[in-house]
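Note sheet for the following structure.
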Amino acid sequence: MAIQIQSPRNSFIQFSETGIVDHCIFDNIRICLPVYDDRDISFQFFLNGTAEEIALLCGAYGEEVRIGIVDECDDADFLLEFTASPYSDVAEMYRLSETQMLVNWSHGVPGFTAVRAVEQCFRIRVQVGAVRYCSNCLVRTSDNCFTSVIEYGNDENGFGFNYCNSGAEGEATISCEPTIIQFTNISTLTIPYTQSLRDSYGDAPSVQAWISDGTSLVNMGITATFDSYPVSTISLDFGGPASGIAVIR
């Protein structure tokens, strides 16, 4: 079984549509979604496969998920390529179950204006090994008067979207209520990732550290370290004595 891609049913970016509409008068019409700014697009998708195939996508030496821009899906090379991995800042990847992985793409299409002229169409291609999947049609536009960026979110999984980074598609709704751990005047923090936390946030949670600057809490961009996958211990190094909170989602 090869890796299969699945788009949330209400997502504007779909990896199972051609963008071709059969019109009763004008035959086939190609509808392309306009993209004005490289931050206009955020989307997510699921990768489904066997337990062995999904396991190969996990870990520092896992198989790459390649994401980029192409003219057509069967193009030999990307016009512009990004790289996603479980330890990359490019995309967030979470193993939801033995047979499903979630990929959150929140970086838009940075640099697309260098490879696409105004009114030129393109697609987003996801590639895992030799398997390729392409999005519906997008087009660069120079006119932002009649375009809108629609943002939506939820505090629980719903409408086909996974907001909690846990629970496979089709499973019961999972709450996104975070766990907050307060710390005072310490340089490092070790958090046992218990079964109750795993039940709430999955095998690999999202962790943020907010440090007090004396008047307010500031996200200093500190990266949590996991001991293994699935995670059993979360470690945070503050680079010196600090007070604040750790937020697990």
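For region 108-148, what are the residues that are charged (D, E, K, R), surrounded by fewer than 17 Cβ atoms within 10 Å (Cβ to Cβ) and over 20 Å from ARG66 (Cα atoms)?
GLU119, ASP143
Please determine whether any residue of region 61-80 is modelled with pLDDT of 85 or more, of a type in the set (Lys, Arg) and touching a strand residue (DSSP E or B) at 6+ places or on another chain (Cβ under 6 Å).
So far as region 61-80 goes, yes, one or more of its residues are modelled with pLDDT of 85 or more, of a type in the set (Lys, Arg) and touching a strand residue (DSSP E or B) at 6+ places or on another chain (Cβ under 6 Å).
Test VAL103 against the criterion of being in a loop (DSSP other than H, G, I, E, B), among the β-branched types (Val, Ile, Thr) and at pLDDT 85 or above, and give yes or no.
Details: in a loop (DSSP other than H, G, I, E, B): no; among the β-branched types (Val, Ile, Thr): yes; at pLDDT 85 or above: yes.
Here the answer is no, as VAL103 does not meet what is asked.
With respect to ASN165, determine if the residue is at pLDDT below 75, in contact with a Cys (Cβ under 9 Å, 6 or more places away or on another chain) and surrounded by 15 or more Cβ atoms within 10 Å (Cβ to Cβ). Before the answer, list the steps.
Numbers: at pLDDT below 75: yes; in contact with a Cys (Cβ under 9 Å, 6 or more places away or on another chain): yes; surrounded by 15 or more Cβ atoms within 10 Å (Cβ to Cβ): yes.
Here the answer is yes, as ASN165 does meet what is asked.
Please go through region 205-225 and pick out each residue that is in contact (Cβ under 8 Å) with a residue 24 or more places away in the chain and within 22 Å of ILE54 (Cα to Cα).
PRO205, SER206, listed by residue number.
Do you know which residues across region 30-44 are at pLDDT below 85 and either buried (at least 16 other Cβ atoms within 10 Å of the Cβ) or not in a loop (DSSP other than H, G, I, E, B) (or both)?
The answer is ARG30, and nothing else.
Which residue is modelled with the highest pLDDT, if the candidates are limited to region 218-237 and must be buried (at least 17 other Cβ atoms within 10 Å of the Cβ) and assigned to a loop (DSSP other than H, G, I, E, B)?
For region 218-237, the residue satisfying everything is ALA224.
When you scan region 185-204, do you find a residue that is among the hydrophobic types (A, V, I, L, M, F, W, C) and free of Cβ contacts under 8 Å to residues at least 40 places away in the same chain, even just one? Don't jump to the end; show me each part of the working.
So the first thing to find is which residues in region 185-204 are among the hydrophobic types (A, V, I, L, M, F, W, C), and the list is 186, 189, 191, 197, 204.
Next, from what is left, pick out any that are free of Cβ contacts under 8 Å to residues at least 40 places away in the same chain: none.
No, there is no match, as no residue in region 185-204 is among the hydrophobic types (A, V, I, L, M, F, W, C) and free of Cβ contacts under 8 Å to residues at least 40 places away in the same chain.
I'd like to know if region 196-217 contains one or more residues that are surrounded by fewer than 10 Cβ atoms within 10 Å (Cβ to Cβ) and either at pLDDT 90 or above or at positive phi (or both).
Yes: one or more hits.
The values are calculated or read from the model by the stated rules, or taken from the named source; none is laboratory data. From a predicted model like this one, the values you see are computed outputs, not experimental measurements. Neighbour counts are summed over all protein chains in view; Cβ atoms, including those assigned to glycine, are modelled from backbone coordinates with ideal geometry.
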